[in-house]
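Encoded as structure tokens, the structure appears first; notes follow it.
The values are calculated or read from the model by the stated rules, or taken from the named source; none is laboratory data. Just so it is clear, the model here is predicted, and its values are computed rather than measured. Positions of Cβ are generated from backbone atoms using ideal geometry, with glycine treated the same way; all protein chains shown enter the neighbour counts. Quick note on the areas: whole protein, heavy atoms, side chains included, nothing else; ligands and nucleic acids left out. Shrake-Rupley method; radii C 1.70, N 1.55, O 1.52, S 1.80 Å.
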Amino acid sequence: MRLDGRVAVVSGAARGLGAAFARALHGAGASVVIADLLDDDAAALAADLGDRALATHLDVTSPESWAATVEAALAAFGTVDVLVNNAGIANAGPIDHYPLAKWDAVIAVNLTGVFLGVQAVVATMKAAGRGSIINISSVEGMLGGSHLHGYVASKFGVRGLTKSLAVELGPDGIRVNSVHPGFVRTSMTSRLDPTAVPIPLGRPASPADVAGTVVFLACDDSAYTTGTELVVDGGMIAGVPHS
Amino acid sequence: MRRFEGRVALITGASRGIGLAVAERLVSEGATVVITGRKPDSLAAAEERLGGHAVGIAGRADDPDHRADVFAQISERFGRLDHLVNNAGINPAYGPALEIESSVVRKILEVNVVAALDWTRSAVAAGLSRSIVNTASVAGLSASPGVAFYGVSKAALLNLTQQLAVELAPGIRVNAVAPAVVRTRLAQALYEGDREAALASVYPLGRIGEPEDVAGPVAFLLSDDAAWITGHTLTIDGGASAVAVG
């Protein structure tokens with residue numbers, strides 16, 4: 001299989017998109033580390049996957065927590081070939097009533113969490129001379145969205161960080177790309193009305209619809225693809241919206 | 001991995017280079033391919049290389065009679081068409097845009113843009129069922145000295161990709177790839193001799209592209225792994241376009 005012998009760490013992997021990524025990577029042959037704050041859900045997913053799966057407790061805003069997850073990955077599987085920075089939160093408010101605490105929270109998880117994840121794995125990947133880092137941004141890392149100031153800024157930040165990393169780490173054989181999902185049905189989007197979002201393909205995505213992209217970026221089919229965006233949105237941002 | 005088992009794909013400009021690499025990849029995953037190319041000899045060699053899984057039909061991409069012949073044969077032999085790869089492209093002129101003859105400009109647009117639209121129109125009329133990938137170029141994303149008008153034509157193809165994605169949704173997905181310099185005859189003048197080392201040094205991954213580097217992403221975009229992707233341009237350039245300052 002495409003990822004036989006490879007080891008992938010997925011943050012925020014206990015449920016939603018992260019769980020779908022962990023399942024797909026595992027299904028393609030990889031060993032997977034299901035890293036999440038939600039210990040019970042992470043353990044349940046690891047147990048369900050069986051061999052080649054490990055749950056770890058991860059707070060992506062903590063360098064020590066990242067170090068512990070990478071140590072556990074190395075102890076269990078010997079290396080880290082793929083890092084999927086998936087953990088994320090969203091909050092919203094009009095700019096004149098958007099408190100600093102909300103801004104700080106979303107930047108800490110969505111942007112600083114990615115930075116810390118890369119710092120935690122980069123020595124291992126450099127030593128191996130290869131690696132694929134997959135940062136989960138959003139269509140809100142391509143375009144704006146009313147009230148979503150911290151979220152949009154963090155997701156554009158992830159897109160930019162992806163490029164600086166790709167340029168710097170390319171000579172080490174490490175590829176870094178960003179994925180930009182549109183409207184995916186998860187607990188994060190449960191309050192959105194699907195009929196209010198114009199999607200050319202006609203329906204919101206399930207997490208599994210995005211997983212094929214993560215497997216593609218993790219495997220050698222994307223050997224020459226780095227520093228770029230993959231928009232997975234059912235065509236939502238391909239056209240100017242008209243009502 | 002057999003994502004294209006039982007499927008039929010039409011790939012234009014597939015005698016060599018990226019088109020042939022895409023054909024080989026799809027055949028390796030179970031597809032039957034119909035390939036086109038200008039020169040009967042090299043097309044026959046490509047057909048041979050693809051074993052019993054390919055039908056080669058020689059002709060020019062901008063020739064309506066050739067196109068009609070291809071779709072008549074697809075209908076007769078297979079009665080189905082799952083995928084189209086608009087890969088045929090020309091770059092007959094190197095140099096700045098201001099120095100290119102208008103007749104050459106029209107020819108480039110005719111093959112690289114108008115023909116892609118015509119093949120798509122015919123494929124849809126023939127019942128194309130799943131997905132399309134257009135082979136564009138990073139030259140269509142920003143100014144590319146040396147291949148100026150080729151870049152203009154590829155920019156048009158990228159916008160056409162988005163237009164068609166919206167028009168053909170939800171039934172058919174349409175995406176594009178934008179490779180940088182790939183080791184093919186079309187790009188040979190860009191990497192010949194000592195130019196290759198100089199080029200490779202500005203790519204973060206430290207090398208120019210190979211046809212297989214494009215075939216994997218094209219197969220991904222055509223396949224159900226990309227079922228939620230349409231209207232997208234996937235850049236395949238070893239990181240080159242992410243660089244602001246080296």
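So how far, in whole Å, is the C-alpha centre of the stretch B:78-123 from the one of the stretch B:219-237? With the stretch B:78-123 and the stretch B:219-237 each reduced to a Cα centre, they are spaced 21 Å. For the stretch B:204-213, 3J(HN,Hα) computed residue by residue from phi via the Karplus equation (6.51, -1.76, 1.60; θ = phi - 60°) reads x, 7, x, 7, 7, x, 10, x, 5, 5 Hz, glycine and proline entered as x.
For residue A:192 and residue A:57, the FRET efficiency from 1/(1 + (r/R0)^6), where r spans their Cβ atoms and R0 equals 22 Å, is about 0.15. When the protein assembly as shown is described by a simple charge dipole with +1 on each Lys and Arg Cβ and -1 on each Asp and Glu Cβ, the residue from A:216, B:98, B:181 located farthest towards its positive end is B:98. Peptide packing: for A:229-237, A:191-199, A:109-117, the average count of neighbouring Cβ atoms within 10 Å per residue gives the ranking A:229-237, A:109-117, A:191-199, highest mean first. Sequentially through the stretch B:59-65, phi angles give Karplus couplings (6.51, -1.76, 1.60; θ = phi - 60°) of x, 8, 4, 9, 9, x, 5 Hz, Gly and Pro residues having no value and appearing as x.
Given +1 at the Cβ of Lys and Arg, -1 at the Cβ of Asp and Glu and no other charges, the dipole of chain A around its Cα centre is 440 debye to the nearest 20. Charged side chains reduced to their Cβ positions (Lys and Arg at +1, Asp and Glu at -1) give chain B a dipole of some 200 debye around its Cα centre.
Summed over the residues of the protein assembly as shown and divided among them, the accessible surface reaches 40 Å² per residue at a probe radius of 1.4 Å.
The listed peptides A:206-214, B:155-163, A:11-19, ordered by packing as a protection proxy, come out as A:11-19, A:206-214, B:155-163 (highest mean of other Cβ atoms within 10 Å first).
For residue A:55, the amide hydrogen comes within under 5 Å of the amide hydrogens of A:34, counting only partners 5 or more places away or on other chains and with H modelled in the peptide plane. A helix-only calculation puts chain A at -12500 deg cm²/dmol for mean residue ellipticity at 222 nm, using -39500 (n - 2.57) for each DSSP H run of at least four residues, averaged over all residues. Full extension of the chain between residue B:76 and residue B:104 yields a length gain of 6.5 nm, computed as 0.36 nm times the residue separation minus the alpha carbon distance. Which entries in the list B:39/B:154; A:102/A:126; A:163/B:154; A:102/A:163; A:155/B:154 go over 31 Å, if you measure between the two C-alpha atoms of each? Beyond 31 Å between Cα atoms: A:102/A:126. At 27 Å minimum axial length over the Cα atoms and a Kyte-Doolittle cut of -1.0, report the qualifying DSSP H helices in chain A, or say none. Answer set is A:149-169. Could you tell me the center-to-center distance, by alpha carbons, between the stretch A:22-82 and the stretch A:158-196 in angstrom? If you average the Cα positions of each part, the centres end up 19 Å apart. Note on the protein assembly as shown: with charges restricted to the Cβ of Lys and Arg (+1) and Asp and Glu (-1), its dipole about the Cα centre is near 600 debye. For the stretch A:7-232, the gyration tensor built on C-alpha atoms gives a rounded shape. Its axis ratio a/c (a ≥ b ≥ c) stays under 1.5. Can you give me the long-range amide H partners of residue B:147? Hydrogens built in the peptide plane at 1.01 Å from N, cutoff under 5 Å, separation of 5 or more residues or another chain. Amide H neighbours of residue B:147, under 5 Å, 5+ apart: B:95.
Cα centroid separation, the stretch B:149-176 to the stretch A:97-130: 34 Å. Its DSSP H runs of at least 4 residues, each contributing -39,500 (n - 2.57), put the calculated 222 nm mean residue ellipticity of chain B at -12000 deg cm²/dmol, to the nearest 500. Taking a ≥ b ≥ c as the square roots of the eigenvalues of the Cα gyration tensor of the stretch B:83-226, is the shape rounded (a/c under 1.5), prolate (a/b larger than b/c) or oblate? Because a/c hits 1.5 or more and a/b fails to exceed b/c, the stretch B:83-226 counts as oblate.
Here the stretch A:7-232 carries DSSP beta bridges of which approximately 0% are antiparallel, counting only pairs with both residues inside.
Between helix B:115-125 and chain B there is an angle of about 20 degrees, using the helix long axis and the longest principal axis of the Cα atoms.
For residue B:173, the residues whose amide H sits under 5 Å from its own are B:131, B:132, ignoring neighbours fewer than 5 places away on the same chain, with H placed 1.01 Å from N. Approximating the spin labels as points 7 Å out from Cα along Cα→Cβ, the residue B:38-to-residue A:203 distance works out to 4.5 nm.
What shape does the stretch A:1-114 take by its C-alpha gyration tensor, where a ≥ b ≥ c are the square roots of the eigenvalues and a/c under 1.5 counts as rounded, a/b above b/c as prolate, and the rest as oblate? Cα axes put the stretch A:1-114 in the prolate bin. Each residue of the stretch A:193-200 was assigned a 3J(HN,Hα) from its phi angle through the Karplus expression (A = 6.51, B = -1.76, C = 1.60, θ = phi - 60°), giving 8, x, 6, 8, 10, x, 10, x Hz with x at Gly and Pro.
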